[in-house]
Amino acid sequence: SDDELRQTIEDVKKQNKMTQENFVTALRSQGLSLAQYQAQLKEQLERLKLMGQEVRSKIQVGEKEEREYYDANLKSFSTDTYFRARHIFFRLGKEPDPKEINKVMTNALMILQEARSGKDFAELAKKYSDDPQAAKDGGELGTFKKGDMLPEIEDNVINMKPDEISDLVITPAGFHIIKLEERTPGKIRSFEEAKGEIEETLYKKKSEERFNQWLADLRKAAAIEIKGR
């Protein structure tokens, strides 16, 4: 109804803290007049009502199919594995020549030997790292998950064990020695924990499928009616 349409627009304005003038200006910036927006909104509201009346009320999601979905998509219910690491960084210039590369690498390999001999890694980072922050935090990289770090560093870290020290890792900026401090494995959420999310996903999927089928049937019926005339 016109009242429902007007109230919905008022809610949109309220949520976005807009005056009527601001609202109309925002619509114009998107190439819409107020009348066009009202027509689109009315169509969306009608669609929602029709879906509720003709579609959603007939949909049921059973526990059996919820469990089947859970078993088939177990990876999506797993939490991320987190890593905490430190590094000692050896910077290379933007266009290093072989002589510079050899010098920096030689120095990095000497520090790598010290690190693997049992010397305090954080103290080595404070003393030798070219990362300015290392003087304060001992080369702390913080806690991160897969996808958060440079691929060259990440590819090494994900295969390391706690307290393990990497070989030299080469990145576009230079060389790194990495020590994995801590690894927190991800956990798989139980079916009970994921049940609400699964139900919503399946409900939405069925709703869209049933709505599309209902719409196709409606168009087919309309076409038959016109042909019959």
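Assorted remarks:
- Among residues of the range 91-103 that are within 19 Å of residue 177 (Cα to Cα), those with a Cβ under 7 angstrom from a residue that is open to solvent by 60 Å² or more (accessible area, probe 1.4 Å) and assigned to a loop (DSSP other than H, G, I, E, B), sequence gap 6+ or separate chain, pair up as 91/130.
- The single condition among (1) among the aliphatic types (A, V, I, L, M); (2) outside any helix (DSSP H, G or I); (3) farther than 11 Å from residue 85 by Cα; (4) touching a Phe, Trp or Tyr at 6+ places or on another chain (Cβ under 7 Å) that residue 202 does not meet is (2).
- The range 163-179, residues that are among the hydrophobic types (A, V, I, L, M, F, W, C) and part of a strand (DSSP E or B): 165, 169, 170, 175, 177, 178
- Of the residues making up the range 138-157, those that are assigned to a loop (DSSP other than H, G, I, E, B), open to solvent by less than 50 Å² (accessible area, probe 1.4 Å) and at positive phi are 138, 139.
- Failed item in (1) more than 18 Å from residue 177 (Cβ to Cβ); (2) in contact with a Leu (Cβ under 8 Å, 6 or more places away or on another chain); (3) of a type outside the set (Gly, Ala, Ser), with residue 77 passing the rest: (2)
- Of all residues in the range 107-133, those satisfying the criterion of being in contact (Cβ under 8 Å) with a residue 40 or more places away in the chain, open to solvent by 30 Å² or more (accessible area, probe 1.4 Å) and either within 22 Å of residue 164 (Cβ to Cβ) or in contact with a helix residue (DSSP H, G or I) (Cβ under 7 Å, 6 or more places away or on another chain) (or both) are 109, 116, 128, 131.
- Residue within the range 63-72 that is more than 28 Å from the chain's Cα centre (by Cα) and hydroxyl-bearing (Ser, Thr, Tyr) present: no
- Yes/no for residue 160 being assigned to a loop (DSSP other than H, G, I, E, B), open to solvent by 40 Å² or more (accessible area, probe 1.4 Å) and not basic (Lys, Arg): no
- Sole residue being modelled with pLDDT of 85 or more, under 30 Å from residue 111 (Cβ atoms) and open to solvent by 50 Å² or more (accessible area, probe 1.4 Å), chosen from 192, 182, 200: 182
- Matching helices (runs of 4 or more DSSP H) fully within the range 1-106 where at least 3 residues are within 28 Å of residue 206 (Cα to Cα) and open to solvent by less than 70 Å² (accessible area, probe 1.4 Å): 34-50, 63-72
- Which listed residue, of 177, 158, is closer than 24 Å to residue 93 by Cβ and in contact (Cβ under 8 Å) with a residue 60 or more places away in the chain: 177
The values are calculated or read from the model by the stated rules, or taken from the named source; none is laboratory data. Quick caveat, the model's predicted, so the values are computed rather than measured. Quick reminder, even Gly has a Cβ in these numbers, built from the backbone with ideal geometry, and neighbours come from all protein chains shown. Side chains are part of the model used for accessible areas, which takes the heavy atoms of the whole protein and leaves out ligands, DNA and RNA. Shrake-Rupley method; radii C 1.70, N 1.55, O 1.52, S 1.80 Å.
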